[in-house]
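The values are calculated or read from the model by the stated rules, or taken from the named source; none is laboratory data. Because the structure is a prediction, the values reported are computed rather than measured. Every residue, glycine among them, receives a Cβ derived from its backbone with ideal geometry; neighbour counts consider all protein chains shown. The area values use the complete protein model at the heavy-atom level, side chains included, leaving out ligands, DNA and RNA. Shrake-Rupley method; radii C 1.70, N 1.55, O 1.52, S 1.80 Å.
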Amino acid sequence: MHAFHEWYDSYRNNCSCGRKHERLTTEEFLLGDGVLKKLCPFLKKKNFTRPLIVCDKNTKKAAGNSIILLLDQQEISYDLTVLSENDQGDVLAEETALVHTMVASNSDTDVLIAVGSGTIHDISRFVSYKMKLPFISVPTAPSVDGFNSKGAPIVLNKKKVTYQTQAPIALFGDINILKNSPQKMIAAGFADMLGKHTSMADWEYGKITAGEPYCGAAALMTREALQLAMDSAESLAEAEEKGIYNLMTALIYSGMAMALFGHSHPASGGEHHLSHYWEMIFLKEDQKQLLHGEKVGAACGIIADHYHQNKQQIISAAEDSKQGEIKEIFNQLPSGESIRNVLACAGGKSTAEELHLADHVVENGLKNAHLIRDRHTMLRTLNSTPNS
Ligand SMILES: [Zn+2]
Ligand SMILES: [Zn+2]
């Protein structure tokens, strides 16, 4: 069994950044073949007697039905909510889903079980937190790095707002389930990891030029996670077990880096801001949503191109004494082309065209996405300094 806590603590105990680094609140990280069987023993150990299972029709098939069977065998009562899709065919973490989940609970509910990908987790994380209950994570696809994070992005009035809530008390990543997830969700998880190329570049840039808060340990953790994902690119296209295991490990590691740091800086830079911008447009126009990782992957290639093409402007905007360090960031930042190549190799869609994003949406995003977060990214600099 993978020693996730030991990995986290090895960084936590050896960081000299001076920030206070919390212990992990997630008690168990189980990743491997058949770990779902350990769910009921965990519920019993924790004296949970009435879980509420949160899923949609796809994730019910992928893992929900197996959980129901296990609970029945152990004679554990449960409640179930199968969230339905909106008119565009998406399950979103929006008002309807939040209310449905609350309505499905009752006064005996003592834990929520999130069975699904990122959205189901956001819904369960948010509702359980508001109900002062813990939740358990059962990912059905290695599609995003937020399973073990505290942030819950919620859509209210068609606008996305992220609330800091709680991490799961346990995560059961069953490889038998994860390896059967749709290929595009596996590629999306890989793409969310690829995004660390540009998020790390932006974070280091923000530290150097604007004194943004920084932690060397969280940076090393994220780099290690990124490398692990990169090394599994080829095996992911075939959904090989080893590749899925490594990708899921990388996603958990990335979530842990955010948990250690207490903010999303390590995992989210210009590429995530651009992706959020696109998402807001889709929400406003009632368009069918793309997967989080699909947007981040394409945005990462676009942002890398944008930064490299405007490298001189970015460097000369900084004080002379800092320009050497910024050049070093560029030495580490891959080209947009190499990002697209590795994403395509892992079976992902890598360009705006493949995602049917209109040119004006991409262009407007590059001009405005820096306004989404108050971060000193290179995108912000490019939009606030005159082109030399
Ligand atoms: Zn992400
Ligand atoms: Zn630190």
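What the table shows:
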| read-out | value |
| --- | --- |
| Mean Cα-pair separation over length for the chain, i.e. relative contact order, pairs under 8 Å, 6 or more apart, % | 17 |
| Around L30: net Lys/Arg minus Asp/Glu count, Cβ-Cβ under 12 Å | -2 |
| E294, E238, ranked by accessible area, largest first (probe 1.4 Å) | E238, E294 |
| Residues with amide H under 5 Å from that of V91, placed H, sequence gap 5 or more | N86 |
| Helix-only mean residue ellipticity at 222 nm for the chain, each DSSP H run of n ≥ 4 adding -39500 (n - 2.57), per residue, nearest 500 | -15500 deg cm²/dmol |
| Surface accessible to a 1.4 Å probe, per residue, for the residues of the stretch 144-193, Å² | 35 |
| Given charges at Cβ of Lys, Arg, Asp, Glu: the chain dipole, positive-most of H121, A170, L357 | A170 |
| Radius of gyration and maximum dimension Dmax of the stretch 4-178, Cα, Å | 16.1, 50 |
| The stretch 59-141 - percent relative contact order, Cα under 8 Å, separation 6 or more | 28 |
| Neighbour cut-off at most 15 other Cβ (10 Å), DSSP loop, trypsin sites (Lys or Arg not before Pro), the stretch 133-226 | K158 |
| Vicinal HN-Hα couplings computed from phi for the stretch 158-163 (Karplus, 6.51 cos²θ - 1.76 cosθ + 1.60; Hz; Gly/Pro x) | 6, 10, 8, 10, 9, 9 |
| Accessible area, probe 1.4 Å, largest first, for residues E6, E212, E95 | E6, E95, E212 |
| Which of N47, Y8, T26, positive extreme of dipole for the stretch 1-52 (C-beta unit charges) | N47 |
| At least 27 Å along the helix axis (C-alpha) and Kyte average at least -0.5, DSSP helices within the chain | 241-261 |
| Dipole magnitude (debye, nearest 20) for the stretch 4-178, charges at Cβ of Lys, Arg, Asp, Glu | 500 |
| The chain shape via C-alpha gyration tensor axes, a/c threshold 1.5 | prolate |
| D56 long-range amide H proximity, modeled H, under 5 Å | L83 |
| Nonlocal amide H pairs with S143, under 5 Å, H built at 1.01 Å | none |
| Percent carbon-and-sulfur accessible area, the stretch 4-178, ignoring ligands, DNA and RNA, probe 1.4 Å | 48 |
| The stretch 4-178: relative contact order in percent, alpha carbon pairs under 8 Å with at least 6 residues between | 27 |
| Gain in span if fully extended, D87 to F330, counting 0.36 nm per residue against the direct Cα distance | 83.1 nm |
| Charge dipole magnitude, Cβ of K and R +1, D and E -1 - the chain, Cα centre, debye nearest 20 | 840 |
| Cysteines (scope the chain) whose Cβ has no counterpart Cys Cβ under 4.7 Å | C15, C40, C55, C300, C345 |
